[in-house]
Amino acid sequence: MKKLLLFLFVLLFNNIQAQEIKTLTYFQNDTLKLDLDLYLPKKKSNEKIPLIMFAFGGGFSGGERTSEKEFGKFMAENGYAVASISYSLYMKGKDFGCKGTLTEKIKAIQIGVSDMWQATSFLIENANKYNLDTSKIFISGISAGAEIGFHASFWDYKLMNLYKSNLPENFKYKGFIGGSGAIQDINLITKEKAIPMLLAHGSNDDTVPYSAGSHRSCPTNASGWLILFGSYAVYNQMKELHKDIELITFCGGGHEFSGYLFHDGQQYVLDFVNDVLKGKKFESHLIVPSKKEKGSDKYLFCD
C-alpha cells in the first residue's frame, strides 16, 4: 500500500512539474479586459517552443477559457505551449439562432477573430519572455472557437481587424485544429493561403453544418440565416488544392463531437503538430462508423 501511495505521489508530482500556467492580460482599455492562460512546458530548453492558440466554444455568448485546461496541460507535457484565450462574448443575451440578425452574427465572429489576432500579437511581442517560436504558431478551437480559428486564418487581416494593425506583415498560422467549425466563404481557402488542417465533425451536425449548409439549420427566409461551409466542404476544398488535411468524421454524430480533439482525441492533435513541424505531407479521412441504422446518413461512406 505504501509503495502504491508513493508511486501515485511521484506520478502526480511529475505531472505538476511537466507544465506551468501563467494568466496574462493581452488586451485592456477603459471598458474591456481580456486574459489568456499560457500553458508552458516546465522543463527548460534552449530551443524555442511552438505555440497553439485556442478558443473555446459557446456560441459567442458563453463558455470560458479554462474549459479545456486538460488539453493545455497535455500539450505542455509534450513540449508545446498553449494559449487559451478569453474573447468578447458579443452574443450574450442576444439570439444567435434563426430569429437573430445576420449582421450581428457576423459581427460576433469578427470581434472574436480580432480578439484572437490581438492575443496572437501579444504573444509574438512577448515571445522572448516565454521562449516562444513565432514561426510555429498554430490556431485551434471548438465550435464558435473553431469559427474564430477558420476566419482568423483566412480573412483579410487588414480589412477585418477591428483593432490596430499589429501582426507582422504576411503573418500566417502554421496550422489549424478545428472541432465542428465552419467558414463563411470556402473560396477564402486558396492555394496560397492554405495551411495544414486537422478537423473533426459529426456528419449529422444540425448546429454547425458538416458540409455546406445554414447555421443552426435555419430556413432561408429566417432573419438569422447564415450559409457556412463546414469540415467536409473544407476537406474537399483542400483535397482539390492538394494541401495537407486530416478529417475525422463521426457518422451520424451531431454537435456533441465538437470537443473530441481536445478531450479523447488529444493524441491526434499531438501527432498532427508533430507531423506538420517535421514537414510531412498527408491527406486522410478517418471515418468513425455510425451506430445508427444503415442508410440513416446521407453520406455513402457512412453506410
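Residues of the chain: accessible area per residue at 1.4 Å, in Å²?
With all protein chains present, the chain gives 48 Å² per residue.
If R0 is 51 Å, what FRET efficiency do you get for GLN28 and ASP303 from their C-beta distance, rounded to 0.05?
Numbers: r = 53 Å, r/R0 = 1.04.
With a Förster radius of 51 Å, E is 0.45.
For the chain, what does -39500 (n - 2.57) per DSSP helix run (n ≥ 4), summed and divided by total residues, give at 222 nm, in deg cm²/dmol to the nearest 500?
-9000 deg cm²/dmol
List the lysines whose Cα lies under 19 Å from the Cα of LYS44, skipping any in the same chain that are fewer than 8 positions away.
Qualifying lysines at Cα under 19 Å: LYS22, LYS73, LYS129, LYS136.
Taking the DSSP beta bridges in the chain as the whole, what percent of them are antiparallel, to the nearest 5?
Once the DSSP bridges in the chain are tallied, antiparallel ones form about 35 percent.
Packing-wise, with mean Cβ within 10 Å as the measure, how do 109-115, 68-74, 156-162 rank, highest first?
Working: 109-115: 22.3, 68-74: 20.1, 156-162: 12.4.
Highest mean packing first, the order is 109-115, 68-74, 156-162.
Ignoring ligands and nucleic acids, what accessible area does THR220 show with a 1.4 Å probe (Å², nearest 10)?
Estimated to the nearest 10 Å², THR220 gives 110 Å².
Quick check for you: which residues of region 122-149 have the amide N under 11 Å from the point 7 Å beyond the Cα of ASN166 toward its beta carbon?
Answer for region 122-149: 122-126.
If packing is taken as the average count of other Cβ atoms within 10 Å, what order do 142-151, 96-105, 281-290 fall into, highest mean first?
Order by mean packing, descending: 142-151, 96-105, 281-290.
What nm distance separates the two modelled labels at ASN126 and ASP156, each placed 7 Å from Cα along Cα→Cβ?
Between ASN126 and ASP156, the simple spin-label model gives 3.2 nm.
Under a cut-off of 18 Å between alpha-carbon atoms, report the aspartates and glutamates in cross-link reach of LYS158, not counting same-chain residues fewer than 8 places apart.
Here the aspartates and glutamates satisfying the reach criterion relative to LYS158 are ASP115, GLU169, ASP185, GLU192.
Report, to the nearest whole %, how much of the accessible area of region 20-302 belongs to carbon and sulfur atoms, 1.4 Å probe, protein only.
48 percent
Can you grab the distance from the C-alpha centre of region 272-287 to the C-alpha centre of region 137-173, Å, no decimals?
Centre-to-centre distance over Cα atoms comes out at 22 Å.
On a full-extension model of 0.36 nm per residue, what is the gain between SER135 and LYS281, subtracting their alpha-carbon distance, rounded to one decimal in nm?
Residue separation times 0.36 nm, minus the Cα-Cα distance, leaves 50.7 nm.
Kindly write out, for region 135-152 in residue order, the coupling ³J(HN,Hα) from the Karplus curve 6.51 cos²θ - 1.76 cosθ + 1.60 (θ = phi - 60°), rounded to whole Hz, with x marking Gly and Pro.
With the stated coefficients, region 135-152 comes to 8, 10, 10, 8, 10, 8, x, 10, 6, 4, x, 6, 5, 4, x, 4, 6, 5 Hz.
So, by mean Cβ neighbours within 10 angstrom, what's the order for 169-175, 270-276 with the highest one leading? Spell out each step's value before the answer.
Values: 169-175: 14.7, 270-276: 18.6.
Order by mean packing, descending: 270-276, 169-175.
The values are calculated or read from the model by the stated rules, or taken from the named source; none is laboratory data. Keep in mind that this is a model prediction, so the values were computed, not measured. Backbone-built Cβ (ideal geometry, glycine too); neighbour counts: all protein chains shown. We work out accessible area using only protein heavy atoms, side chains counted, and drop any ligands, DNA or RNA first. Shrake-Rupley method; radii C 1.70, N 1.55, O 1.52, S 1.80 Å.
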